[in-house]
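Chemist: What follows is a single structure, and I will ask about it in a moment.
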Amino acid sequence: MGATLKSAALKDAAPNGAALNLVRFIAGRVLGALFVLWAVATLIFFAIRLVPGDPAEAILGGPGSQASQEALDLVRRQYGLDQPLLVQYLDQLGRLARGDLGTSYSLKQSVSSVLAAQVPPTLLLASLSLVAAWILAVGVAWWSAGSGRVARAVSSGLEVVASAVPHFLLGSVLIVVFATGLGLLPPVSTGTPIGLVLPVVTLAVPVAGFLGQVTRDSLLDAAAAPFALTATARGEGPSGLFWRHLLRHAALPGLALSGWAFGSLLSGAIVVESLFARPGLGRTLLDAVTLRDIPLVTGVALVSALAYVVVVALGDLAEKAVDPRGQSA
Amino acid sequence: MTILPELPVLPAAAPTRAAEWRSRVMAPRVVAGAVLLGVLAAAVAPGLLAPGDPLAVHPVDAFSAPSLAHPFGTDDSGRDLYTRVVHGASASLLIGVAATLIGTLLGLVLGIAAGVGTRLTDAAVSRVLEVLFALPGLLLALVIIAFAGPGPIPATLAVGLATAPGYARIFRTRIRAVRSSEMVEAARVLGRGPLTLLVRHVLPNALAPVVVLATLGVGQAIVWASSLSYLGLGSPPPAPEWGAMLEAGRTYLQIAPWMTVFPGLAIVATAAATTVVGRAFAGAGRR
């Protein structure tokens, strides 16, 4: 009763209160994002100084380059590496605050321009995979909800396998079957839409398996809840019950896992882009790590951290839209 | 990224359901146990299961498809893949276990610091975890390797460090939950001091699932470590380590898929088996 009264009271104050809540939500997330970005930049800055290895040498092509002392000195002066640590740190933060991510050691071009070229392909791949994963997960849940125990056991077994299979194995098997064996799809993902099919499937299946598992659990809970019985008693058919009443409940834990799904997609993109020879953030990071190109590694880490914060915020918003109950809290 | 599944509750074994319980719950566990025993045997005494030399080269036999002489086929230098997979068990298992140990220990330290410390330490640790979560999964491992350089030891360390935030968050939540439980309240009313409360009551209850979590984590750690090897950042070839074997097979995926498939299946089977066994532990702990 108390809760009903409270929500009624909130509804009166809704226009003002909701706007204020949204402003507060956005302000909180922006502050949180700034903190995360600052922390990631700081962590990486000091980590470089902790590990053995000379940054000047890395700029000139690594320990194998046999750079002369003069060249090393020149590079140190150019990149400000001869300054005191604190000056370098503040300098770095100042440049980041102005949006200057520095110059890639290996590619000799600005990190921002590298990122501008590499973010879109990964964004396309990851968003398509996320959509595909939700379609797969909800589709299987819908199919198995309406069928018997065998179908349920089969689909839950499939989900466990799907969520456990590593990207490199799934991608390799797909290439062997659909590219080498059947010759249906290209083994490398060049710009064409058809080349996207195998990478998207490789990324989507593990996420779908995981979403499917949590979706099924809450779907069964919702189906056993009194409101489902009420809806059926009102004359709602099985598919109407699923789409109009149960899906909302079933989707919630999946939405709460947005941060996790983002991590899986990004980790997967590193492997998948390398496997299918696709350009993108993952491959850029892998090359940067192999060549110890610290500015580029920092740039990719900052972009991913920002993307993570945005994705989690979007997931929270979606959760609020799907489940209006928690909003008075 | 490790997301440790909610520990499942065992269904009550009603007598009428006994047969179904046996087939649905026990059968996977028996299979998983057998797989795990096989992997352990291969790790401890590889010579018994595969007497050959995993590094012996026979260029004449290069790229042989699986046959009776070579059940898993041969690689680009004609090395027998069955022998290599068997001899690779110890390295892959060791990396997985070591990474999980690093991850859980660090997670314990952070989780206990946040769970039992003052509000300030809790806030500080939680902030650090939040930042680490923004670099999910392989990304954090790759960033660590960017500093530590490639190789099996940095890769193990990277996987361990990258899994630590997940463990830390679980331990922190559990410690907080147990601290505010009625049981601890009762002990406090009985006059127990804060240290006794912590050591005798809070920690044993909050940290009981550490074994289960670690078992579940080993499979994940093996998959991650082999992903790093696959990307060329782990064990260098020609070491018979599963991830390194995958990397060697990458180039020849189209002409010799068995070079990828068999080490890959070994990884998946081991990871899946540790997960099933870990869940069985979890179920046993609940009863």
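Chemist: Please go through region A:276-307 and give me each residue that is open to solvent by less than 40 Å² (accessible area, probe 1.4 Å), touching a residue at least 40 places away in the same chain (Cβ under 8 Å), under 25 Å from A:L211 (Cβ atoms) and within 16 Å of the chain's Cα centre (by Cα), ordered by number.
Modeler: Applying the first criterion (open to solvent by less than 40 Å² (accessible area, probe 1.4 Å)) to region A:276-307 yields A:276, A:278, A:280-282, A:284-286, A:288-289, A:293-302, A:304-305, A:307.
Checking which are touching a residue at least 40 places away in the same chain (Cβ under 8 Å) leaves us with A:276, A:278, A:280-282, A:284, A:288, A:293-302, A:305, A:307.
If we keep only those that are under 25 Å from A:L211 (Cβ atoms) as well, we get A:276, A:278, A:280-282, A:305, A:307.
Correct list: A:G280, A:L281, A:G282, A:A305, A:A307.
Chemist: Listed residues B:P204, B:P209, B:P236; which is open to solvent by 10 Å² or more (accessible area, probe 1.4 Å) and over 24 Å from B:G278 (Cβ atoms)? Break it down into steps so the answer makes sense when it comes.
Modeler: On the way: B:P204 fails: over 24 Å from B:G278 (Cβ atoms); B:P209 fails: over 24 Å from B:G278 (Cβ atoms).
Sole residue among the options that is open to solvent by 10 Å² or more (accessible area, probe 1.4 Å) and over 24 Å from B:G278 (Cβ atoms): B:P236.
Chemist: Let me ask you something else. Give B:A99, B:A114 a once-over and let me know the one that is more than 30 Å from B:L48 (Cα to Cα), crowded, with 19+ Cβ neighbours inside 10 Å and away from every other protein chain (no Cβ under 14 Å). So that I can check it myself, show each step before the final result.
Modeler: On the way: B:A99 fails: more than 30 Å from B:L48 (Cα to Cα).
From the options B:A99, B:A114, the qualifying one is B:A114.
Chemist: Looking at region A:255-273 only, could you name the residues that are over 12 Å from A:A133 (Cβ atoms), open to solvent by less than 20 Å² (accessible area, probe 1.4 Å) and more than 8 Å from every other protein chain (Cβ to nearest Cβ)?
Modeler: Selection gives A:A269, A:V272, A:E273.
Chemist: Here's something else I'd like to know. With the requirement that a residue be crowded, with 24+ Cβ neighbours inside 10 Å, touching a residue at least 24 places away in the same chain (Cβ under 8 Å) and either facing another protein chain (nearest Cβ under 9 Å) or more than 13 Å from B:A221 (Cα to Cα) (or both), what does region B:141-164 give you?
Modeler: Hits for region B:141-164 are B:A141, B:L142, B:I145.
Chemist: Still on this structure, I have one more. Filter region A:119-154 down to residues that are open to solvent by less than 40 Å² (accessible area, probe 1.4 Å) and not in a loop (DSSP other than H, G, I, E, B), then give me how many there are. Reasoning before the result, please.
Modeler: Taking region A:119-154 as the starting set, the residues that turn out to be open to solvent by less than 40 Å² (accessible area, probe 1.4 Å) are A:121-122, A:125-126, A:129, A:132-133, A:137-139, A:141, A:144, A:147, A:151.
Filter once more, so that each one left must be not in a loop (DSSP other than H, G, I, E, B): A:121-122, A:125-126, A:129, A:132-133, A:137-139, A:141, A:144, A:151.
Residues that pass the stated criteria total 13.
Chemist: Please determine whether any residue of region B:165-174 is at pLDDT 85 or above, among the aliphatic types (A, V, I, L, M) and either part of a helix (DSSP H, G or I) or surrounded by 24 or more Cβ atoms within 10 Å (Cβ to Cβ) (or both). Show your work before the answer.
Modeler: Step one: of region B:165-174, the residues at pLDDT 85 or above are B:165-174.
So of that shortlist, the ones also among the aliphatic types (A, V, I, L, M) come out as B:168, B:170.
Among the residues that remain, those that are also either part of a helix (DSSP H, G or I) or surrounded by 24 or more Cβ atoms within 10 Å (Cβ to Cβ) (or both) are: B:168, B:170.
Among the residues of region B:165-174, at least one is at pLDDT 85 or above, among the aliphatic types (A, V, I, L, M) and either part of a helix (DSSP H, G or I) or surrounded by 24 or more Cβ atoms within 10 Å (Cβ to Cβ) (or both), which makes the answer yes.
Chemist: Hey, another quick one. Of the residues in region B:227-242, how many are in a helix (DSSP H, G or I) and at the interface with chain A (Cβ under 9 Å from one of its Cβ atoms)?
Modeler: Step one: of region B:227-242, the residues in a helix (DSSP H, G or I) are B:227-230, B:242.
This time we only want the ones that are at the interface with chain A (Cβ under 9 Å from one of its Cβ atoms), so: B:227, B:230.
Result for region B:227-242: 2.
Chemist: Consider region B:61-76. How many of its residues are among the hydroxyl-bearing types (S, T, Y), modelled with pLDDT of 75 or more and within 13 Å of B:Y252 (Cα to Cα)? Spell out the reasoning first.
Modeler: Initially, region B:61-76 is screened for residues among the hydroxyl-bearing types (S, T, Y), giving B:64, B:67, B:74.
Among the residues that remain, those that are also modelled with pLDDT of 75 or more are: B:67, B:74.
Add one more test, that the residue is within 13 Å of B:Y252 (Cα to Cα), and what stays is B:74.
Going through region B:61-76 one residue at a time, the tally reaches 1.
Chemist: Another one. Given the structure, is B:A282 in contact with a Pro (Cβ under 9 Å, 6 or more places away or on another chain), of a type outside the set (D, E, K, R), more than 10 Å from chain A (Cβ to nearest Cβ) and assigned to a helix (DSSP H, G or I)?
Modeler: On the way: in contact with a Pro (Cβ under 9 Å, 6 or more places away or on another chain): yes; of a type outside the set (D, E, K, R): yes; more than 10 Å from chain A (Cβ to nearest Cβ): yes; assigned to a helix (DSSP H, G or I): yes.
Yes; evaluated as a whole, the condition is true for this residue.
Chemist: Would you confirm, using the coordinates I've provided, whether A:T215 is at pLDDT 80 or above, open to solvent by 40 Å² or more (accessible area, probe 1.4 Å) and of a type in the set (S, T, Y)? Before the answer, list the steps.
Modeler: Numbers: at pLDDT 80 or above: yes; open to solvent by 40 Å² or more (accessible area, probe 1.4 Å): no; of a type in the set (S, T, Y): yes.
Taking the combined requirement at face value, the residue does not satisfy it.
The values are calculated or read from the model by the stated rules, or taken from the named source; none is laboratory data. Every value quoted in this text rests on a predicted model; they were computed, and no experiment measured them. Backbone-built Cβ (ideal geometry, glycine too); neighbour counts: all protein chains shown. Note: accessible area is taken over every heavy atom of the protein model, side chains too, but ligands, DNA and RNA are not part of it. Shrake-Rupley method; radii C 1.70, N 1.55, O 1.52, S 1.80 Å.
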